[in-house]
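The structure appears right after this line, and notes come after that.
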Amino acid sequence: MGEDLILNLIKFSAGIALLVKGADLFVTGSSGIAKRARVPQFVIGLTLVAFGTSLPELTVNVEASLRGASEITLGNVIGSNIANILLILGIASLIRPLSVNRTFVKKEIPLNFLSILILFAMVSDRIVDGSGSAVISRSEGLVLMTTFVGYLYFLAAFLEKDQQAGSVQEVGYLKGGVIVVLGLAGLILGSEWTVTGGVEIARILGISQVIVGLFLIAVGTSLPELMASAVAAYRGNSDLALGNVAGSNIFNVSLVLGASSLIHPIPVPDRIFRDLVLLLIATATLLVSSYMGSRYTVSRREGAVFLLLYTAYVAYSWYTELAV
C-alpha cells in the first residue's frame, strides 16, 4: 500500500506540473501565432488569455468525464473556486493589499453570485423534483455553455481592450506551432496522470473522489491562478489579480462544468451542498471586505482571515471524511 501510494503521488504531482506548463505553453504559442496573423489583441485576450488559467481544470474534467470518474469534476470546480478566493486572494493580499476596482464590485462579483445560484439550482434535483438522485444533465450543460457565451459577451462589452493581452509576444508560425503542440501534449498527458493518480490515491486512502477533487486536484489546477495573482499583487496590479480570480471562477462553472456534463452527466454527492454554501460565503466575504476598513481594498488582515477560513475548511472536511 505504501509503495503504491508513493508512486501514485509522484504520478499525480507530475501530472499537475505538466498541466501547469502545458497551459502556459499552449496560451503562449497560440496567442503568439494569433498576434503574428494580425488578430486584434482584444480578440486574443478574450478567447485565449482570458481562460488560459482555466485550461488545467478543463482538461482534467474532460479526462475524468471520459473515464467515468465524474465525481471528481464537480469537486474540482467547486474546490478550485473556493481556493481561488480564500487561498489565492488571501496570499495575494498578504503580499500587497489589493485595491478593488468599482467595476469589479458592481459587475464581476454579482456575476460570480449568479453562477453559484445557477449551480445551486442544477444540483437541487432531490429538493425541487423529489428525485432519488441528483445529476447535472447534458441539457443543463448546454445552459452552462450558453452562460459561458454570455460571459464572453460581457467581457467584450465592458472590459478595456488594451488590458486584455498587452503582454502577448508575437512568434513565428513554425515556432508557435511547436509550442502549441507541446502545450497540448502536456495538457493531455498531465490530465491523464492527474486523474488516474487521483483516483488511485482515493482508492488507497479509502476516501471519496469528491475529496480528491475538492482539494488535491483543485489546488493543483489552481496553481496558474495562484502564480498569476501573486505576481500581479507583487507588481501592484490589483485589477489583474482580482479579475483573474473572478473570471476564472465564472469560466470554471460555465465552460469547465458545462463541457464536462455534455460528455457525461455529473452525479451530485450529498456533501456538495456544504461546499457550495462555503463558496457562497467566500464570495460574500470578498464583497464585504471590499467595503470594510479601507473602502475598495482587500487588506492584509482580511487576507489573513481568508487563509484562516480556508485552513479551517480543509481541516474540517478531511476530519469528517476520515471519521466516516
Residue list for the stretch 259-309, filter: modelled with pLDDT under 90, aromatic (F, W, Y) and under 19 Å from the mean Cα position of the chain (by Cα): F273
Find all pairs meeting these conditions: Cβ atoms under 8 angstrom apart; at least six residues apart or on different chains; first residue within the stretch 9-31 and surrounded by fewer than 23 Cβ atoms within 10 Å (Cβ to Cβ); second residue not hydrophobic (A, V, I, L, M, F, W, C) and not in a helix (DSSP H, G or I). T28/Q169
Can you tell me how many residues within the stretch 196-225 are under 12 Å from I16 (Cβ atoms) and either out of contact with any Phe, Trp or Tyr (no Cβ under 9 Å at 6 or more places or on another chain) or among the charged types (D, E, K, R) (or both)? 6
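Which of the following residues is touching a Leu at 6+ places or on another chain (Cβ under 8 Å), of a type in the set (A, V, I, L, M) and modelled with pLDDT of 75 or more: I217, I179, I188? Talk me through it step by step, then tell me what you get.
Numbers: I217 fails: touching a Leu at 6+ places or on another chain (Cβ under 8 Å); I188 fails: touching a Leu at 6+ places or on another chain (Cβ under 8 Å).
Only one candidate qualifies: I179.
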Can you find a residue that is over 15 Å from S254 (Cβ atoms) and modelled with pLDDT of 80 or more anywhere in the stretch 155-166? no
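Quick one: which of I118, I82 is under 25 Å from E200 (Cβ atoms), at pLDDT 90 or above and among the β-branched types (V, I, T)?
Residue meeting the stated conditions: I82.
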So, in the stretch 41-76, of the ones that are under 13 Å from F251 (Cα atoms) and outside any helix (DSSP H, G or I), which residue ends up modelled with the lowest pLDDT? A50
Please determine, by comparing only the residues of the stretch 67-97 that are out of contact with any Leu (no Cβ under 8 Å at 6 or more places or on another chain) and more than 19 Å from S317 (Cα to Cα), which one is surrounded by the most Cβ atoms within 10 Å (Cβ to Cβ). S93
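The values are calculated or read from the model by the stated rules, or taken from the named source; none is laboratory data. Keep in mind that this is a model prediction, so the values were computed, not measured. Here Cβ is always computed from backbone atoms with ideal geometry, including for glycine, and neighbour counts include all displayed protein chains.
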